[in-house]
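Accompanying notes for the structure given below.
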Amino acid sequence: MKLSPIRKKILFSSLWMLCGLLCYFPKSSNAQSFNLGWEGTELISRSVFIDTQNWNAGFANGDHLSVTTDSNTIHLHWQFGSGNRDKWVVYYLKLNTPITISDSDIIGVDVKGSVGHPNRNFSLKFEDGVQQAVFTSHGLASLNRWVNRISTPKKQFAGNPDWNNIKVITFAVFSDASSNDLQPDSGTVSIRNLKIADINHWQRASGFERLKASNFLDSVKLQALDGIIKRQAANGLLYSWKEDNASWLYGQGLALKLLSLEGLWENKLPVNDAARAAEKLARFLAGQQTQAGYWPRGWNTLEGTVRSVDEVLWMGDFPWMITGLASYYAKSGDDTVIPSLKKAQSFLYDLIEPSGKFYTLNTATGEKIPVTNTEAYTAAINSVYELGDTVKANTMLHYISSSTWDNNLLYWKEAIDLPRPTLFSNTWMTMLSHHSNDSTQAINSLSFVGKVLATHGPGFPEGFDGIGPIATWYEGTLTYICAGGPNSQTLFDSLMRYRFPDGTMPSYNDNIGAKADIWAVNWSSLDATSWLYFAAAKRSPFVQYNSFHFPPITTGVNQTPIAEYISIYPVPAKEIINISFHKNAGKIREIAIYNLLGKCLIRKSNLSADTKMLVMDISTLASGTYIFSVKVKNQNLYQKIQVIK
């Protein structure tokens, strides 16, 4: 089949990246003696902790608190009165001798709430007599089960007391004023195991761990693929949640990539179920794009109508459309999605500064707002790599990695200005980390989240929560496995016992809705099932882990190296490119430079058969990646070039 310039561009980009990327594909390692989670030491002795004589109670006018204890637990029996007002109770310990926590990095505690109004929050506070530091979990006091080892970096606490001189420790249950929270209410919050840890004593992984190939692994992959295809509505959308009739943006792009990887086309016509599903989804998405270049956040699946539009675009979602559509086009050659790809690329690139700083957009006002979230950066960087623009993507990667890497705790923070450890920030950055040529960072970050986010949730299987540890988040745990985290094989084997019969994966192992800063449901999830596919296929939707799955450029394209006809220098180029013609270069009809969306920027045609040297002025080209094209008779040769200003 004949390949258009944009398709050749994406295919060539993938080939070029493969040469360096496969070299990095994490080598399989045996399961390591790495323990998930952490233990720590008691912050105060158990005898002091459970002695009510050491503590004092306080509460707002109209509210009340009583306390009981057992062998290791404090039970706060709170009562809130009526009215639209802030409500609170506190239980605080004035230490006779101040304690120091300056050498500790992590503070953990077990908390159990009770069924009640969702606006019941829990906080832990430390004071030095003048200043205080507070950690808050919204809705945690409404969760009627133990949440074990809520692991919080000390720097995540709001405030900065003298950690060498802690005089007061406070537990609080509170709710903010709300017109939906007027009636009296009561409940119990139980607290135990207040512990601290110094991460210098923590074990770190020695390398990446890859899943062992097996027939079972192949079966899981195919069942996940089949389960995803069966989630497709007639309009092309895939259900994110059947229970909610919802299709959300990120999952559509993620699934489109895997459908494209598994799809087969002949002469641009789909010939298997994955290809047919990919075509329906891609064409729906291409038709749903706004004129500006972005998409709605989600759709009502059956109706295909818009469900949600973000006023300020969440960049953790939007770039996955580029990733999915670029993968689809590279595999299928479906020209109908080219306008959508071009428009999305133009929109995205307008939000990226030469420094790598990245912005989002307030669609109502047109205001550009700096993106600080690590997850959002990784999604955008991956889409730029997918387009083959390694210079821009590497610049962005350096910017966000250097801005969010914690040199003390050795992990990537949730955001530039937010030190909370989150799973995607670390697993997604790990899957991009080879571009920074430092796998040590990736291994350290996976080790860190393997300690602070490990959980069983309400039972089994063992895994991770995104910010918890509230419940086992299957999707997030599978990203950890794709990234090659320690104990990946054990985690994967455990998760497999909890798949649905149709091969799909639940979202969580609990169904608590919006509580404790997460939204956890045990429904069958498109996102979790997509990551199950990638884990079982030993691939990743991030470019560098893909063992080349696009078809090789053979049909209709001369595979003779471009160097047989010409030499180009310097490489990388800056202002000019010198082209030296070889002995048989008289067959050349045209030389051109294309951008990564197939637009011809510079063309030299009608070349003389006796041309020996040609100088091309590229001073108008910005820094980036371009495709150098040589037409020999009726065939084309391509080579990627870098321009650096």
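Please treat every number below as a calculation from the coordinates, not as lab data. Note that the structure is predicted; figures quoted are calculated from it, not measured. Positions of Cβ are backbone-derived with ideal geometry, glycine not excepted, and every protein chain shown enters the neighbour counts.
Some observations on this one:
- Positive contributions from Lys and Arg (+1) and negative ones from Asp and Glu (-1), summed over other residues with Cβ under 9 Å from the Cβ of residue 113, come out at +4.
- Excluding same-chain neighbours fewer than eight residues apart, the aspartates and glutamates reachable from residue 451 by a Cα-Cα span under 17 Å are 39, 105, 110, 198, 209, 406, 414, 462, 465.
- Taking trypsin sites (Lys or Arg not before Pro) across the stretch 597-633, the ones in a DSSP loop with at most 13 further Cβ atoms lying within 10 angstrom of their Cβ are 599, 612, 633.
- For residue 336 and residue 606, the difference between the fully extended length at 0.36 nm per residue and the C-alpha to C-alpha distance is 94.1 nm.
- In terms of packing, defined here as the mean over residues of other Cβ atoms within 10 angstrom, the peptides 80-87, 349-356, 381-388 line up highest first as 381-388, 80-87, 349-356.
- Spacing of the modelled spin labels on residue 42 and residue 302, each 7 Å from Cα toward Cβ, amounts to 5.8 nm.
- Of the residues 189, 288, 313, the one whose Cα sits farthest toward the positive end of the charge dipole of the chain, with +1 on the Cβ of Lys and Arg and -1 on the Cβ of Asp and Glu, is 288.
- On Cα atoms only, tilt of 319-332 relative to the major axis of the chain in degrees: 40
- For the stretch 41-201, the spherically averaged projection of the C-alpha convex hull amounts to 9.1 nm².
- Of the peptides 401-410, 317-326, 245-254, the ranking by mean beta-carbon count within 10 Å, highest at the top, reads 317-326, 245-254, 401-410.
- A simple packing score, the average count of other Cβ atoms within 10 Å per residue, orders the peptides 390-397, 127-134 as 390-397, 127-134, with the highest score first.
- Taking a straight Cα-Cα cut-off under 20 Å and skipping sequence neighbours fewer than 8 places away in the same chain, the aspartates and glutamates within cross-link reach of residue 612 are 564, 590.
- Among [x] 9; [y] 22; [z] 17, the entry derived from the coordinates for percent of Cα pairs over 48 Å apart: [y]
- Ignoring aspartates and glutamates fewer than eight residues from residue 257 along the same chain, the ones with Cα atoms less than 15 angstrom from its Cα are 226, 273, 279, 317, 334, 386, 527.
- Checking the Cα-Cα distances for 357/645; 155/392; 343/538; 125/413; 343/631 against a 24 Å cut-off, the pairs over it are 155/392; 343/538; 343/631.
- Difference of contour (0.36 nm per residue) and Cα-Cα distance, residue 53 to residue 222: 54.7 nm
- Computed per residue of the chain from DSSP H runs no shorter than four, each worth -39500 (n - 2.57), the mean residue ellipticity at 222 nm is -8500 deg cm²/dmol.
- Degrees, to the nearest 10: 439-452 long Cα axis against longest axis of the chain: 30
- Extension gain, residue 60 back to residue 359 (0.36 nm per residue minus Cα-Cα distance, nm): 103.4 nm
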